[in-house]
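The values are calculated or read from the model by the stated rules, or taken from the named source; none is laboratory data. None of these values were measured; they are calculated from a predicted model. Neighbour counts are summed over all protein chains in view; Cβ atoms, including those assigned to glycine, are modelled from backbone coordinates with ideal geometry. Areas reflect the complete protein model, heavy atoms only, side chains present, ligands, DNA and RNA absent. Shrake-Rupley method; radii C 1.70, N 1.55, O 1.52, S 1.80 Å.
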Amino acid sequence: MVKSLTNPLADRPPPLGNLLSAAARTLAAELDAGLAAAGFTDLRAAHTPVFQVIDPEGTRLIDLATRAGMTKQAMGELVRHLESRGYVEVAPDPTDRRARLVRLTPLGRSVLAAGLDVVARFDAHLDAIIGAAEVVRLRDVLMKIIGGAGLTFSAGATEVIRTE
């Protein structure tokens, strides 16, 4: 006899993690489309960590990585990609010649402006669809989750349930 495949979640609401991941993919696709429409066809949402955490006067690579929650190696790859396309430049840090600063170029500042415009338009779209108060509430809840609310819920779990 062959066992039939079943979905153990079929009678339950979708897991929050899945919903959050799907929402992130939707937002990334919107950003990708907005950047492409603005003429930046060689950039994707995956490149945004650099633009989100860089200081106007430039930032050391290790600080970019720390702020973005990435490894130095992963941030280095993003910076090299963006540098090769003219969005950032890497130059000696005037306060410490051993260190190097990553700075936005004029083209990089143009991308930042285009990205901020896409985000503002999407936020306005969400305000219109679900209401500004709900968007504020959603942001508050997401910030609590990101800040660690609920991360230790399983600390008290002592039993693993196995089904076979």
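Multiply the residue separation of residue 141 and residue 30 by 0.36 nm, subtract the distance between their alpha-carbon atoms, and state the gained length in nm to one decimal. Let's see the in-between values first.
On the way: separation 111, 0.36 × 111 = 39.96 nm, distance 2.20 nm.
Stretched out fully, the residue 141 to residue 30 stretch lengthens by 37.8 nm.
What's the longest uninterrupted piece of the chain once you rule out the trypsin sites (Lys or Arg not before Pro) that are loop residues per DSSP with at most 10 other Cβ within 10 Å?
Numbers: sites that count: 3, 162.
The reported range is 4-161.
At 7 Å along the Cα-to-beta-carbon direction for both residue 125 and residue 109, put a label point, then send me their distance in nm to one decimal.
Rounded to a tenth, the inter-label distance reads 2.8 nm.
With the alpha-carbon atoms as the only input, what is the per residue convex hull volume for region 82-130 in Å³? Could the numbers behind the result be given before it?
On the way: hull volume 4.7 nm³, N = 49.
Taking the convex hull of the Cα positions in region 82-130, it is 97 Å³ per residue.
How many times 2.2 N^0.38 Å is the alpha carbon radius of gyration of region 36-80?
Normalised Rg, Cα atoms only: 1.19.
Please compute the per residue accessible area over the chain with all protein chains in place, 1.4 Å probe, rounded to a whole number of Å². Show your work: numbers first, answer last.
Details: 11900 Å² over 164 residues.
Here the per-residue accessible area is 73 Å².
Rounded to the nearest 0.05, what FRET efficiency is calculated for residue 23 and residue 71 with R0 set to 22 Å and r the Cβ-Cβ distance? Don't jump to the answer; show the numbers that get you there.
Values: r = 25 Å, r/R0 = 1.13.
Taking R0 as 22 Å, the efficiency between residue 23 and residue 71 is 0.30.
Label residue 132 and residue 62 with points 7 Å out from Cα along Cα→Cβ: what is the distance between them in nm?
Each label point lies 7 Å from its Cα, and together they span 4.4 nm.
Run through region 56-103 and list the GluC sites (Glu not before Pro) located in a DSSP loop whose Cβ has at most 13 other Cβ atoms within 10 Å. All intermediate terms of the calculation are to be shown ahead of the outcome.
Working: sites: 57, 77, 83, 89; in loops: 57.
In loop regions of region 56-103 (DSSP not H, G, I, E or B), the sparsely surrounded GluC sites (Glu not before Pro) are 57.
When Rg and Dmax of the Cα atoms in Å is calculated directly from the model, which label among (i) 20.9, 73; (ii) 17.1, 52; (iii) 16.7, 60 fits?
The listed entry that was calculated here is (i).
Would you mind checking the tilt of helix 72-84 against the longest principal axis of the Cα atoms of the chain, expressed as 0 to 90 degrees and rounded to 10?
Once rounded, the angle reads 50 degrees.
Tell me the mean residue ellipticity at 222 nm calculated for the chain from its helices only (DSSP H runs of n ≥ 4, each -39500 (n - 2.57), averaged over every residue, nearest 500).
Details: 6 runs with 89 residues, N = 164.
Calculated at 222 nm, the ellipticity per residue is -17500 deg cm²/dmol.
Output the Kirkwood hydrodynamic radius of region 9-91, Cα pairs only, in Å rounded to one decimal.
Evaluated over region 9-91, this radius sits at 14.5 Å.
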